[in-house]
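Report on one structure; see the data block that follows.
The values are calculated or read from the model by the stated rules, or taken from the named source; none is laboratory data. All values reported here derive from a predicted model rather than from experimental measurement. In this analysis, Cβ positions are derived from the backbone assuming ideal geometry, glycine residues included, and neighbour counts consider all displayed protein chains.
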(Lines give C-alpha, C1' and ligand atoms only; values in the text may rest on other atoms or scores of the structure.)
Protein backbone atom coordinates (compact mmCIF):
# COMPACT_ATOMS: atom_id res chain seq x y z
CA UNK A 1 0.00 0.00 0.00
CA UNK A 2 1.09 3.59 -0.59
CA UNK A 3 1.46 5.69 2.55
CA UNK A 4 1.31 9.46 2.76
CA UNK A 5 3.80 11.23 5.03
CA UNK A 6 0.99 13.35 6.48
CA UNK A 7 -1.01 11.90 9.34
CA UNK A 8 -2.57 12.40 12.76
CA UNK A 9 -3.54 10.02 15.52
CA UNK A 10 -4.80 10.40 19.08
CA UNK A 11 -5.62 7.98 21.88
CA UNK A 12 -6.84 8.60 25.42
CA UNK A 13 -6.82 5.52 27.64
CA UNK A 14 -6.75 4.46 31.27
CA UNK A 15 -4.12 1.76 31.61
CA UNK A 16 -3.49 0.28 35.03
CA UNK A 17 -3.23 3.17 37.49
CA UNK A 18 -2.47 5.72 34.78
CA UNK A 19 -4.49 7.99 32.52
CA UNK A 20 -2.52 8.33 29.30
CA UNK A 21 -3.06 10.65 26.34
CA UNK A 22 -0.99 10.21 23.18
CA UNK A 23 -1.11 12.54 20.21
CA UNK A 24 1.05 12.23 17.12
CA UNK A 25 1.21 14.06 13.82
CA UNK A 26 3.59 14.11 10.88
CA UNK A 27 4.52 16.20 7.87
CA UNK A 28 6.78 15.64 4.89
CA UNK A 29 10.48 15.12 5.47
CA UNK A 30 13.25 13.58 3.44
CA UNK A 31 14.13 11.16 6.24
CA UNK A 32 12.59 9.92 9.49
CA UNK A 33 12.73 12.58 12.19
CA UNK A 34 11.09 12.12 15.59
CA UNK A 35 10.51 14.47 18.49
CA UNK A 36 8.60 13.68 21.66
CA UNK A 37 7.28 15.67 24.62
CA UNK A 38 6.26 13.85 27.78
CA UNK A 39 4.87 14.78 31.16
CA UNK A 40 7.46 15.91 33.65
CA UNK A 41 9.49 13.04 35.03
CA UNK A 42 8.95 10.70 32.07
CA UNK A 43 11.65 11.86 29.68
CA UNK A 44 13.17 8.36 29.83
CA UNK A 45 10.39 7.31 27.43
CA UNK A 46 11.54 9.50 24.56
CA UNK A 47 14.37 7.38 23.15
CA UNK A 48 12.39 4.17 23.52
CA UNK A 49 9.39 5.67 21.76
CA UNK A 50 11.58 6.94 18.92
CA UNK A 51 12.88 3.43 18.33
CA UNK A 52 9.41 1.90 18.67
CA UNK A 53 7.73 4.32 16.26
CA UNK A 54 10.70 4.17 13.87
CA UNK A 55 9.99 0.47 13.32
CA UNK A 56 6.63 1.41 11.77
CA UNK A 57 7.48 4.61 9.93
CA UNK A 58 10.34 5.11 7.48
CA UNK A 59 9.94 8.78 6.44
CA UNK A 60 8.36 11.95 7.74
CA UNK A 61 8.80 14.42 10.56
CA UNK A 62 6.82 12.95 13.47
CA UNK A 63 5.87 14.92 16.58
CA UNK A 64 4.47 13.04 19.58
CA UNK A 65 3.03 14.25 22.86
CA UNK A 66 2.52 11.88 25.80
CA UNK A 67 0.60 12.96 28.91
CA UNK A 68 0.66 10.66 31.94
CA UNK A 69 -1.44 11.17 35.05
CA UNK A 70 -0.87 8.84 38.00
CA UNK A 71 -4.10 7.86 39.77
CA UNK A 72 -2.40 6.05 42.65
CA UNK A 73 -1.48 8.82 45.08
CA UNK A 74 -0.77 6.58 48.10
CA UNK A 75 2.96 6.87 47.62
CA UNK A 76 3.00 10.61 46.89
CA UNK A 77 4.48 12.81 49.62
CA UNK A 78 3.94 16.54 49.85
CA UNK A 79 6.35 18.59 51.97
CA UNK A 80 6.35 22.28 52.79
CA UNK A 81 9.44 24.33 52.11
CA UNK A 82 9.25 26.11 55.47
CA UNK A 83 12.08 28.62 54.92
CA UNK A 84 10.46 29.70 51.67
CA UNK A 85 7.00 29.90 53.30
CA UNK A 86 8.45 32.02 56.12
CA UNK A 87 9.98 34.33 53.53
CA UNK A 88 6.62 34.81 51.80
CA UNK A 89 4.87 35.52 55.13
CA UNK A 90 7.53 38.02 56.16
CA UNK A 91 7.30 39.81 52.83
CA UNK A 92 3.50 40.02 52.97
CA UNK A 93 3.52 41.32 56.52
CA UNK A 94 5.98 43.96 55.39
CA UNK A 95 3.38 45.04 52.82
CA UNK A 96 0.78 45.28 55.60
CA UNK A 97 3.02 47.49 57.74
CA UNK A 98 4.30 49.67 54.93
CA UNK A 99 0.97 50.33 53.24
CA UNK A 100 -1.44 50.03 56.18
CA UNK A 101 -3.58 47.43 54.41
CA UNK A 102 -5.71 44.66 55.84
CA UNK A 103 -3.83 41.57 56.92
CA UNK A 104 -5.60 38.61 55.32
CA UNK A 105 -2.69 36.19 55.16
CA UNK A 106 -4.02 32.62 55.31
CA UNK A 107 -3.19 29.10 54.28
CA UNK A 108 -5.25 29.57 51.11
CA UNK A 109 -3.20 32.66 50.31
CA UNK A 110 0.07 30.77 50.69
CA UNK A 111 -1.22 27.81 48.67
CA UNK A 112 -1.14 29.98 45.56
CA UNK A 113 2.66 29.89 45.66
CA UNK A 114 3.38 26.48 44.12
CA UNK A 115 7.07 26.53 44.94
CA UNK A 116 6.27 26.27 48.68
CA UNK A 117 5.17 22.67 48.17
CA UNK A 118 7.56 19.92 47.16
CA UNK A 119 5.99 16.78 45.70
CA UNK A 120 8.02 13.59 45.78
CA UNK A 121 7.23 10.22 44.27
CA UNK A 122 9.15 6.98 44.42
CA UNK A 123 11.24 6.23 41.29
CA UNK A 124 9.04 5.08 38.44
CA UNK A 125 9.21 1.49 37.24
CA UNK A 126 10.35 2.36 33.70
CA UNK A 127 9.40 -1.00 32.21
CA UNK A 128 5.90 -0.86 33.70
CA UNK A 129 5.40 2.73 32.56
CA UNK A 130 6.59 1.95 29.03
CA UNK A 131 4.33 -1.11 28.84
CA UNK A 132 1.30 1.03 29.77
CA UNK A 133 2.27 3.88 27.45
CA UNK A 134 2.83 1.47 24.58
CA UNK A 135 -0.84 0.42 24.76
CA UNK A 136 -1.92 4.02 24.17
CA UNK A 137 0.78 4.57 21.55
CA UNK A 138 -0.42 1.51 19.62
CA UNK A 139 -3.96 2.89 19.58
CA UNK A 140 -2.76 6.30 18.37
CA UNK A 141 -0.47 4.67 15.81
CA UNK A 142 -3.33 2.63 14.37
CA UNK A 143 -5.35 5.79 13.70
CA UNK A 144 -2.27 7.64 12.52
CA UNK A 145 -1.31 4.93 10.01
CA UNK A 146 -4.91 4.53 8.89
CA UNK A 147 -5.01 8.22 7.97
CA UNK A 148 -1.65 7.93 6.20
CA UNK A 149 -2.91 4.96 4.20
CA UNK A 150 -6.14 6.72 3.18
CA UNK A 151 -4.19 9.77 2.03
CA UNK A 152 -1.67 7.53 0.28
CA UNK A 153 -4.37 5.81 -1.76
CA UNK A 154 -5.64 9.19 -2.95
CA UNK A 155 -2.10 10.17 -3.98
CA UNK A 156 -1.65 6.87 -5.80
CA UNK A 157 -4.91 7.30 -7.70
CA UNK A 158 -4.02 10.84 -8.74
CA UNK A 159 -0.49 9.88 -9.84
CA UNK A 160 -1.70 6.95 -11.94
CA UNK A 161 -4.37 9.10 -13.55
CA UNK A 162 -1.83 11.73 -14.54
CA UNK A 163 0.61 9.08 -15.74
CA UNK A 164 -2.13 7.62 -17.97
CA UNK A 165 -2.63 11.11 -19.41
CA UNK A 166 1.10 11.31 -20.14
CA UNK A 167 1.10 7.96 -21.91
CA UNK A 168 -1.92 9.01 -23.98
CA UNK A 169 -0.09 12.17 -25.07
CA UNK A 170 3.04 10.13 -25.79
CA UNK A 171 0.94 7.99 -28.15
CA UNK A 172 -0.23 11.13 -29.92
CA UNK A 173 3.38 12.30 -30.28
CA UNK A 174 4.40 8.92 -31.69
CA UNK A 175 1.55 9.12 -34.19
CA UNK A 176 2.28 12.70 -35.20
CA UNK A 177 6.09 12.53 -35.37
CA UNK A 178 6.39 10.57 -38.68
CA UNK A 179 3.86 12.92 -40.27
CA UNK A 180 6.11 15.91 -39.54
CA UNK A 181 8.88 14.22 -41.57
CA UNK A 182 6.51 13.77 -44.54
CA UNK A 183 5.39 17.40 -44.23
CA UNK A 184 9.02 18.54 -44.15
CA UNK A 185 9.77 16.56 -47.30
CA UNK A 186 6.81 18.15 -49.08
CA UNK A 187 7.80 21.65 -47.96
CA UNK A 188 11.36 21.05 -49.08
CA UNK A 189 10.22 19.79 -52.51
CA UNK A 190 7.98 22.81 -52.93
CA UNK A 191 10.71 25.24 -51.93
CA UNK A 192 13.23 23.71 -54.31
CA UNK A 193 10.66 23.78 -57.11
CA UNK A 194 10.13 27.49 -56.58
CA UNK A 195 13.85 28.21 -56.49
CA UNK A 196 14.83 26.07 -59.46
CA UNK A 197 11.71 26.84 -61.50
CA UNK A 198 11.88 23.34 -62.84
CA UNK A 199 10.09 20.08 -62.36
CA UNK A 200 13.42 18.31 -62.66
CA UNK A 201 14.11 18.03 -58.93
CA UNK A 202 16.78 15.75 -57.54
CA UNK A 203 14.60 13.28 -55.64
CA UNK A 204 17.65 11.69 -54.03
CA UNK A 205 18.61 15.01 -52.53
CA UNK A 206 15.10 15.42 -51.14
CA UNK A 207 15.23 11.96 -49.63
CA UNK A 208 18.65 12.62 -48.09
CA UNK A 209 17.56 15.91 -46.54
CA UNK A 210 14.37 14.31 -45.23
CA UNK A 211 16.37 11.44 -43.74
CA UNK A 212 18.67 13.88 -41.94
CA UNK A 213 15.64 15.78 -40.64
CA UNK A 214 13.94 12.57 -39.52
CA UNK A 215 17.03 11.57 -37.57
CA UNK A 216 17.16 14.93 -35.82
CA UNK A 217 13.50 14.90 -34.77
CA UNK A 218 13.19 11.19 -33.99
CA UNK A 219 11.81 10.72 -30.46
CA UNK A 220 11.27 6.97 -30.54
CA UNK A 221 13.92 6.23 -27.93
CA UNK A 222 12.60 8.88 -25.55
CA UNK A 223 8.97 7.78 -25.83
CA UNK A 224 9.96 4.14 -25.27
CA UNK A 225 11.83 5.17 -22.11
CA UNK A 226 8.86 7.24 -20.94
CA UNK A 227 6.64 4.18 -21.27
CA UNK A 228 9.22 2.12 -19.40
CA UNK A 229 9.33 4.67 -16.57
CA UNK A 230 5.54 4.60 -16.39
CA UNK A 231 5.53 0.78 -16.08
CA UNK A 232 8.18 0.97 -13.38
CA UNK A 233 6.15 3.60 -11.51
CA UNK A 234 3.10 1.33 -11.54
CA UNK A 235 5.16 -1.54 -10.14
CA UNK A 236 6.52 0.62 -7.35
CA UNK A 237 3.06 1.89 -6.43
CA UNK A 238 1.79 -1.70 -6.24
CA UNK A 239 4.75 -3.02 -4.23
CA UNK A 240 3.42 -2.15 -0.75
CA UNK A 241 6.82 -0.81 0.33
CA UNK A 242 7.97 2.76 1.10
CA UNK A 243 8.67 4.01 -2.43
CA UNK A 244 8.77 7.80 -2.15
CA UNK A 245 12.47 8.13 -2.94
CA UNK A 246 12.29 5.69 -5.84
CA UNK A 247 9.34 7.54 -7.30
CA UNK A 248 11.18 10.82 -6.95
CA UNK A 249 14.02 9.41 -9.05
CA UNK A 250 11.59 8.05 -11.68
CA UNK A 251 9.93 11.47 -11.97
CA UNK A 252 13.33 13.08 -12.56
CA UNK A 253 14.01 10.62 -15.37
CA UNK A 254 10.58 11.22 -16.91
CA UNK A 255 11.22 14.94 -16.87
CA UNK A 256 14.61 14.39 -18.53
CA UNK A 257 12.99 12.45 -21.39
CA UNK A 258 10.30 15.12 -21.80
CA UNK A 259 12.96 17.83 -22.04
CA UNK A 260 14.81 15.84 -24.70
CA UNK A 261 11.63 15.39 -26.73
CA UNK A 262 10.95 19.11 -26.40
CA UNK A 263 14.40 19.94 -27.78
CA UNK A 264 13.87 17.68 -30.79
CA UNK A 265 10.38 18.44 -32.00
CA UNK A 266 10.09 20.96 -34.81
CA UNK A 267 6.32 21.23 -34.87
CA UNK A 268 4.03 23.55 -32.90
CA UNK A 269 1.43 20.86 -32.25
CA UNK A 270 4.07 18.53 -30.83
CA UNK A 271 5.60 21.35 -28.81
CA UNK A 272 2.22 21.96 -27.13
CA UNK A 273 1.93 18.28 -26.31
CA UNK A 274 5.37 18.29 -24.70
CA UNK A 275 4.30 21.24 -22.56
CA UNK A 276 1.26 19.24 -21.47
CA UNK A 277 3.47 16.27 -20.56
CA UNK A 278 5.82 18.44 -18.51
CA UNK A 279 2.85 19.97 -16.71
CA UNK A 280 1.57 16.54 -15.70
CA UNK A 281 5.04 15.41 -14.64
CA UNK A 282 5.35 18.46 -12.40
CA UNK A 283 2.03 17.66 -10.75
CA UNK A 284 3.16 14.07 -10.21
CA UNK A 285 6.41 15.36 -8.69
CA UNK A 286 4.44 17.45 -6.20
CA UNK A 287 2.36 14.45 -5.18
CA UNK A 288 5.39 12.17 -4.89
CA UNK A 289 6.88 14.57 -2.33
CA UNK A 290 4.04 13.50 0.00
CA UNK A 291 4.67 9.76 -0.28
CA UNK A 292 6.59 7.83 2.38
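Among the residues of the stretch 37-56 satisfying the criterion of being assigned to a helix (DSSP H, G or I) and free of Cβ contacts under 8 Å to residues at least 24 places away in the same chain, which is nearest to residue 68 (Cα to Cα)? Explain how you work it out, then say what you get.
Restricting attention to the stretch 37-56, the residues satisfying the condition of being assigned to a helix (DSSP H, G or I) are 45-54.
Checking which are free of Cβ contacts under 8 Å to residues at least 24 places away in the same chain leaves us with 46-47, 50-51, 54.
Numbers: 46: 13, 47: 17, 50: 17, 51: 20, 54: 22 Å.
So, considering only residues that are assigned to a helix (DSSP H, G or I) and free of Cβ contacts under 8 Å to residues at least 24 places away in the same chain, the one nearest to residue 68 (Cα to Cα) is 46.
Is it true that some residue in the stretch 117-130 is within 22 Å of residue 248 (Cα to Cα) and in contact with a helix residue (DSSP H, G or I) (Cβ under 7 Å, 6 or more places away or on another chain)? Before the answer, list the steps.
At the first step, the residues of the stretch 117-130 found to be within 22 Å of residue 248 (Cα to Cα) are none.
Looking through the stretch 117-130, none of the residues is within 22 Å of residue 248 (Cα to Cα) and in contact with a helix residue (DSSP H, G or I) (Cβ under 7 Å, 6 or more places away or on another chain).
Please go through the stretch 267-292 and pick out each residue that is part of a loop (DSSP other than H, G, I, E, B) and loosely packed, with under 13 Cβ neighbours inside 10 Å. If you could, list the steps in order and put the result at the bottom.
Going through the stretch 267-292, the residues part of a loop (DSSP other than H, G, I, E, B) turn out to be 267, 289-290, 292.
None - no residue of the stretch 267-292 is part of a loop (DSSP other than H, G, I, E, B) and loosely packed, with under 13 Cβ neighbours inside 10 Å, so the list stays empty.
In the stretch 57-82, how many are touching a helix residue (DSSP H, G or I) at 6+ places or on another chain (Cβ under 9 Å) and part of a strand (DSSP E or B)?
Here the count works out to 6.
Test residue 55 against the criterion of being farther than 17 Å from residue 132 by Cβ and loosely packed, with under 15 Cβ neighbours inside 10 Å, and give yes or no.
The answer is yes for residue 55.
Residue-wise test of (1) under 51 Å from the mean Cα position of the chain (by Cα); (2) farther than 30 Å from residue 245 by Cα.
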residue: 59; (1), (2): yes, no
residue: 62; (1), (2): yes, no
residue: 66; (1), (2): yes, yes
residue: 87; (1), (2): no, yes
residue: 96; (1), (2): no, yes
residue: 105; (1), (2): no, yes
residue: 110; (1), (2): yes, yes
residue: 114; (1), (2): yes, yes
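Would you check if residue 158 is in contact (Cβ under 8 Å) with a residue 24 or more places away in the chain, surrounded by 13 or more Cβ atoms within 10 Å (Cβ to Cβ) and assigned by TED's automatic domain parsing to the domain that holds residue 25?
Answer is no for this residue.
Looking only at residues in the stretch 116-130 that are assigned to a loop (DSSP other than H, G, I, E, B) and in contact (Cβ under 8 Å) with a residue 60 or more places away in the chain, which one is farthest from the chain's Cα centre (by Cα)?
For the stretch 116-130, the residue satisfying everything is 121.
For the structure I just gave you, tell me whether residue 92 is surrounded by 11 or more Cβ atoms within 10 Å (Cβ to Cβ) and free of Cβ contacts under 8 Å to residues at least 40 places away in the same chain.
Criteria met by residue 92.
Among the residues of the stretch 216-244, which ones are touching a residue at least 40 places away in the same chain (Cβ under 8 Å) and either part of a helix (DSSP H, G or I) or not assigned by TED's automatic domain parsing to the domain that holds residue 173 (or both)?
In the first step, residues of the stretch 216-244 are kept if they are touching a residue at least 40 places away in the same chain (Cβ under 8 Å); the result is 216-220, 222-223, 226-227, 230, 233-234, 237, 240, 242-244.
Correct list: 216, 217, 220, 222, 223, 226, 227, 230, 233, 234, 237, 244.
Out of (1) in contact with a strand residue (DSSP E or B) (Cβ under 7 Å, 6 or more places away or on another chain); (2) in a loop (DSSP other than H, G, I, E, B); (3) over 25 Å from residue 290 (Cβ atoms), the odd one out for residue 29 is which?
Every listed condition holds for residue 29 apart from (3).
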